[in-house]
1. Dipole of region 251-378, Cα-centred, from +1 at each Lys and Arg C-beta and -1 at each Asp and Glu C-beta, to the nearest 20 debye?
2. At a 10 Å Cβ-Cβ cut-off, how would you order 13, 6, fewest neighbours first?
3. Sort all Cα-Cα distances of region 1-127 into consecutive 10 angstrom bins from zero, then give the percent of pairs in each bin up to the one containing the longest distance.
4. Which angle from 0 to 90°, rounded to the nearest 10, does the C-alpha axis of helix 57-68 make with the longest principal axis of the chain?
5. In the Gaussian network model of the chain, springs joining C-alpha atoms below 10 Å, which of 99, 160, 191 carries the largest mean-square fluctuation?
6. Can you tally the net charge around residue 6? Count Lys and Arg as +1, Asp and Glu as -1, for every other residue whose Cβ sits under 12 Å from the Cβ of residue 6.
7. Which aspartates and glutamates, on any chain, are close to residue 202 with Cα under 17 Å apart, when same-chain ones fewer than 8 places away are left out?
8. Between 253, 170, 117, whose Cα lies farthest towards the positive end of the dipole of the chain when Lys and Arg beta carbons carry +1 and Asp and Glu beta carbons carry -1, centred on the Cα centre?
Amino acid sequence: MRQVLEGSHAISEAVRLARVQVTAGYPITPQTHIIEAISEHFADGTMTGRFIPVESEHSSMAAVVGAATTGVRTFTATSSHGLALMHEILFIASSVRMPIVMLVANRAVSAPINIWADHSDIMPERDTGWVQIFAENGQEVYDLTLMAFKIAEDKRVLLPTMVNMDGFTLSHVIEPVVMLDQAEVDGLLPPFEAARMLDPEKPHTIGPFGDGTVYTEVKMAQDAALAAAAGVFDEVTAEFAQKFGNQYQAIETYQCDDAETIIISMGSVGETARSAVDEMRAGGQKVGQLSIRLWRPFPLARFKEAVAGAQNLAILDRHLIPGCQGGPIGLEARSAFYQDQNGPCIFDFVAGLGGRELSRATFKEIVRQAATGEPQKNNHTFLDVRLS
């Protein structure tokens, strides 16, 4: 069934259909509509369980971690400084292997105060041990939220999972979304069965003190589970495609087979980049586009295979790493081709910060600069290409 609704409400509907039993939340722009709608579902009885209004995002994450240890399916959402306030609990959620799902409406981090979209909130959290997925449009946000529960709860994974969507660009934009009914979601997502939980009948501890004799082994097991999430992502997306038709890949390519220059992006700007590619192709330029959907675990081998044959990679990062020449996607690309003498030239453009517009003209300009080698000649990253 097709409905026209904003991205935030598509997520709240996915959470309702996933039969989430506990949601904790605290309002922060631009994710507030998600939590507001879910609280209404609990209030009107269309969701059963408990909605926990908390005093901060730190408490929100602590609440869902606690709830998950009792053996229930959990969800929360946040943005920007709210995600930063959760920081210490994010590590706990992943280390004690709680399959929480969280939606992050990506937003710039102050100062100056800015409520618009970029990726400066999520990138400081990239090493917290969570599975991290990026969506490009409202349909993807809805579908990926449903699949996130199945990925997180798989016994080979058992890790919390973040679905990222660009704030306002997706959270507040109203567009058609094909919705599933309850029977269809139940066929995809079985009832929650906790693999680890606290039980008064069988007392034990979750997350106790661990000194140097056990800490490394715990982290190795966590890392192995995160690596396994890549294969589970493939299985779940393949099942979703078989049942409902929408296909998702960890790495999505467009016109890359003969491309001399490939634009690499993550999040909602991928659609704009593909429009620019169509225009450049019409003008005779061999340009392609690659979208990264699965950010953690990063599918390094597939990324390298997808860009094989290209002369230039024009990477668009929506996060600046201060003191570093470039952004996080650029670092991943460089690590993929470290010591590869035949690899492509890699040009990293930090752009779109604080919601600055990224147009087709922006992508045409970064392709031009990559093709001429201007960033390499000037030995620095071009920050926020500004075009009239």
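1. 180
2. Starting with the residue having the fewest Cβ neighbours, the order is 6, 13.
3. P(r) for region 1-127, in whole percents per bin: 13, 45, 33, 8, 0.
4. Once rounded, the angle reads 60 degrees.
5. So, out of 99, 160, 191, the one fluctuating most is 191.
6. -3
7. Correct list for residue 202: 193.
8. The residue sitting most towards the positive pole is 253.
Any read-out appearing in this document is the output of simple, stated calculations on the displayed coordinates, not a laboratory observation. A quick note: this is a predicted structure, and the numbers were derived from the prediction, not measured. No Cβ is skipped: glycine too gets one built from the backbone with ideal geometry, and neighbour counts run over all protein chains shown.
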